[in-house]
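One structure is given below, encoded as structure tokens.
Any read-out appearing in this document is the output of simple, stated calculations on the displayed coordinates, not a laboratory observation. Every value quoted in this text rests on a predicted model; they were computed, and no experiment measured them. Cβ sites come from the backbone with ideal geometry, for glycine too, and all protein chains shown count toward neighbours.
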Amino acid sequence: MTQIPAAVGPKLEENGALTRYRLHGSPDSANLVVRMMLEELGEAYDYVPVDRLTSQQKSPAYRKLNPQGLIPVLEAPGQDAPLFETGAILLFLSDRHAQLAPGAASPARGRFLKWLFYLSNTLHSDLRISFKVKRYLPDQSRHQLFSDTLIERIGAGFQFLEAELETGSGPFLLGEDVSCVDLYLAACVRWAQIYGNSGKWDLAGTPCLQQLMETLEDRPALRLACQKEGIEGLPFTKPVPVTLPGVRG
């Protein structure tokens, strides 16, 4: 398995301010999306591993960065507070660097925003709940019904995206140019196939989406991001779970 890089000290100015991005994350968590974004942008960043095995994300120190105790967090030069929420981080980065998203005056801006927030507020949210149903529903007798309902919602969500790809100019969700929504979608496709829902949703049932995933797998920046996350093989079309350091596969 690819080794996860150790923590790197932050690059600081003399006054203690950050000079480049600092990403806090754990292998194959939502930080994967942010890492793919940073690699596509070609921006330098430091990576700070968060040990999920010891629930480091719930520690008082980490909660100072994100009071929810959730991953990821991005510390950004020039900002007066750390950023959390994956969709918010992507929007911040795309606006700051004027890349990987249509500009504010673009006719595609509305489409970009609706799919970004759909992925963040609906699809990713449903996926996260489906991975650990018991955390959200204490009544064990209803877990199967709840899980089946979520899987149906997730499958419908991918069909919405398939329809958008079918009617678009492609090869990406917003047309000819890759955007951060494609990166976010790729991570959701990966997680839907391997974490909690294995065998319950089949990428082959959405051929346009599968073609998009194949296209993204060929992008050098995304391959590098996945390598740094410890992800091996074809990350989106034939995904294999990452084994956390200290856990035997």
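Structure above, values below:
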item: Net dipole in debye of the chain [+1 Lys, Arg Cβ; -1 Asp, Glu Cβ; about Cα centre; nearest 20]; result: 880 debye
item: Relative pair counts by distance (%), Cα atoms of the chain, 5 Å bins; result: 1, 6, 13, 17, 20, 18, 13, 8, 3, 1, 0, 0
item: 5 angstrom amide H check on Val48, placed H, neighbours 5+ away; result: Leu23, His24, Gly25
item: Volume in Å³ per residue [convex hull over Cα atoms, computed for region 104-156]; result: 66 Å³
item: Distance (nanometres) between label positions extended 7 Å along Cα→Cβ at Leu137 and Glu164; result: 2.7 nm
item: Cβ-placed point charges (K, R +1; D, E -1), dipole of region 29-100 about Cα centre in debye, nearest 20; result: 360 debye
item: Sorted peptide list for 186-192, 134-140, 163-169, criterion being average Cβ within 10 angstrom, highest first; result: 186-192, 163-169, 134-140
item: Long pairs among Lys58/Lys238; Lys64/Lys134; Lys132/Lys200, criterion Cα-Cα beyond 24 Å; result: Lys58/Lys238; Lys64/Lys134
item: Extension gain (nm, one decimal) between Tyr195 and Asn121, 0.36 nm per residue minus Cα-Cα; result: 24.8 nm
item: Rounded, prolate or oblate (a/c below 1.5 giving rounded, otherwise prolate when a/b exceeds b/c) for region 65-174 by Cα gyration tensor; result: oblate
item: Distance between modelled label sites at Phe146 and Arg63, nm, 7 Å Cα→Cβ extension; result: 2.3 nm
item: Fully extended contour minus Cα-Cα distance, from Glu43 to Leu113, at 0.36 nm per residue; result: 22.9 nm
